[in-house]
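Colleague: First, the structure itself, so that you have it in front of you.
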Amino acid sequence: MKQLINIYCDESCHLQNDDEKVMVLGAVYCPANEKEDIFNRLKEIKTKHNLVPKKPKSESDNRAYYELKWNKISNSKLEYFLDVVNYFFDNDHISFRVLVVPDKSKIDYQKYNHTHDTFYYKMYFSMLKVILKPDHAHNIFIDIKDTRSTEKVHKLEKVLRNDQYDYSKEIIKKVQQVRSHEVELIELADLLTGAMAYIHRAKTTSEAKGKVIELIKKRSKYSLQKSTLIQEKKFNIFIWDAERNKNLL
């Protein structure tokens, strides 16, 4: 039986006209049989920092559930986020892959016979293809971002299956939408993807976010500004360039 890998995806600045130059697509992944232990440990870290680890089911329960997201980083919660980053690097079962488009405004879609949508799917595949292995099975979970999420999931599933000749669904078991507050590893993907978007947008507005990025640099031993070797397993970075990566268009 093939080993089953769960892949949790997030995206930042992915829309064509969002007034942001960069586009960042990221994925956290792990063996499916490790998922529950990882979920529980991430919840324990929240509890350690007096944060509610699960959204209350009852409307009468007014406790404030705390979602692990890049945009939530603040000085008051900094130690929590540093603990999460250290946990990610200390756990050998969790990996991260990210693709960064440094300036999507400079992409000549007409030259390569693309629309922004077709480019988006090409980039998503380029991000995922390093993770997908023909001798493994994969579940892919994507955070619900906008009203077109369902359409995008179906299209991405078709693109991935066609490329892998996976018509019997042996390599890609499913591509499924989820809500980030329901899935701890989607939240972790948001944190790491957000960090990469922040550094490539050259933001320096938050001291707390700067400290999280410095810890990621220290633990990964990368500047986060350049591509890593494709064999990098823990924190794999691909900085996409239209001229150098013409074969991906």
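The values are calculated or read from the model by the stated rules, or taken from the named source; none is laboratory data. On a predicted model such as this, the values are computed, not experimentally measured, just so you know. Using ideal geometry, Cβ is built from the backbone for each residue, glycine included, and neighbour counts are taken over all protein chains shown. The accessibility values were calculated without ligands, DNA or RNA, using every heavy atom of the protein model including side chains. Shrake-Rupley method; radii C 1.70, N 1.55, O 1.52, S 1.80 Å.
Colleague: Per residue, how large is the accessible surface of the chain? Use a 1.4 angstrom probe and give square angstrom.
Modeller: 52 Å²
Colleague: Whats the longest run of the chain with zero chymotrypsin sites (Phe, Trp or Tyr not before Pro) that are DSSP loop and have at most 15 other Cβ atoms within 10 Å?
Modeller: Result for the longest clean stretch: 1-108.
Colleague: Only four residue types carry charge here, +1 at the Cβ of Lys and Arg and -1 at the Cβ of Asp and Glu. Report the dipole size of the stretch 109-240 about the Cα centre in Debye, rounded to the nearest 20.
Modeller: 440 debye
Colleague: For the chain, what % of the accessible area comes from carbon and sulfur atoms, probe 1.4 Å?
Modeller: 47 percent
Colleague: Now, a different point. Treating only the Cα positions of the chain as identical point scatterers, give the base-10 log of I(q)/I(0) from the Debye formula at each q in 0.13, 0.15, 0.17 Å⁻¹.
Modeller: Log10 I(q)/I(0), no solvent term: -0.83, -1.11, -1.42.
Colleague: Sticking with this structure for a sec: At 222 nm, what helix-only mean residue ellipticity would the chain give, in deg cm²/dmol to the nearest 500, using -39500 (n - 2.57) for each DSSP H run of four or more? Show your work: numbers first, answer last.
Modeller: Details: 6 runs with 87 residues, N = 249.
For the chain, the value works out to -11500 deg cm²/dmol.
Colleague: Here's something else I'd like to know. Across the stretch 176-186, in residue order, what do the Karplus-derived ³J(HN,Hα) couplings come to in whole Hz, using 6.51 cos²θ - 1.76 cosθ + 1.60 with θ = phi - 60° and x for Gly and Pro?
Modeller: 9, 6, 9, 9, 4, 6, 9, 9, 4, 7, 5
Colleague: Could you calculate the contour length gain from Glu44 to Asp117, that is, 0.36 nm times the residue separation minus the distance between their Cα atoms, to one decimal place in nm?
Modeller: Taking Glu44 through Asp117 to full extension adds about 22.4 nm, to one decimal.
Colleague: Hey, what angle do you get for helix 78-90 against the long axis of the chain, alpha-carbon based, 0 to 90 degrees rounded to 10?
Modeller: Its long axis makes an angle of about 60 degrees.
Colleague: Can you spot the aspartates and glutamates whose alpha carbon is less than 19 Å from Lys21's alpha carbon? Ignore those fewer than 8 places along the same chain.
Modeller: Asp10, Glu11, Asp103, Asp108, Asp117, Asp190, Asp241, Glu243
Colleague: Something else about it: Using amide H atoms built 1.01 Å from N in the peptide plane, name the residues 5+ places from Ile5, or on other chains, whose amide H lies under 5 Å from its own.
Modeller: Distant-sequence amide H within range of Ile5: Ala32, Ala137, His138, Asn139.
Colleague: Taking +1 at the Cβ of each Lys and Arg and -1 at the Cβ of each Asp and Glu, which of Ser180, Asn40, Ser227 sits farthest along the dipole of the chain towards its positive end, judged by Cα position relative to the Cα centre?
Modeller: In the chain, that residue is Ser227.
Colleague: Compute the long axis of helix 149-164 from its Cα atoms, compare it with the longest principal axis of the Cα atoms of the chain, and write down the angle in degrees, 0 to 90, nearest 10.
Modeller: Once rounded, one gets 60 degrees.
Colleague: In debye, nearest 20: dipole of the chain around its Cα centre with unit charges on the Cβ of K, R (+) and D, E (-)?
Modeller: That gives the chain a dipole magnitude of about 280 debye.
Colleague: A follow-up question, please. Give me the extension gain from His154 to Glu79: residue separation times 0.36 nm, minus the current Cα-Cα distance, reported in nm with one decimal.
Modeller: Length gained between His154 and Glu79: 23.1 nm.
Colleague: Projected onto the charge dipole of the chain (+1 at Lys/Arg Cβ, -1 at Asp/Glu Cβ, origin at the Cα centre), which of Asn236, Leu160, Trp70 gives the Cα projection farthest towards the positive end?
Modeller: Toward the positive end, the furthest listed residue is Asn236.
Colleague: How large is log10 of I(q)/I(0) for the stretch 129-232 at q = 0.13, 0.19, 0.20 Å⁻¹ when the intensity is taken from the Debye formula with one equal scatterer per alpha-carbon?
Modeller: Each listed q maps to, in turn, -0.66, -1.11, -1.14.
Colleague: Now for a different question. Beyond a 31 Å Cα-Cα separation, which of these cross-linked pairs lie in this structure: Lys46/Lys217; Lys133/Lys209; Lys106/Lys129?
Modeller: Where the Cα-Cα span goes over 31 Å, the pairs concerned are Lys133/Lys209.
Colleague: How far is the Cα center of the stretch 87-162 from the Cα center of the stretch 163-218, in Å?
Modeller: Going from one Cα centre to the other spans 11 Å.
Colleague: Which whole-Hz ³J(HN,Hα) couplings does the stretch 226-231 yield from phi under the Karplus relation 6.51 cos²θ - 1.76 cosθ + 1.60, θ = phi - 60°, glycine and proline marked x?
Modeller: Per-residue couplings from phi come out as 10, 5, 8, 4, 5, 7 Hz.
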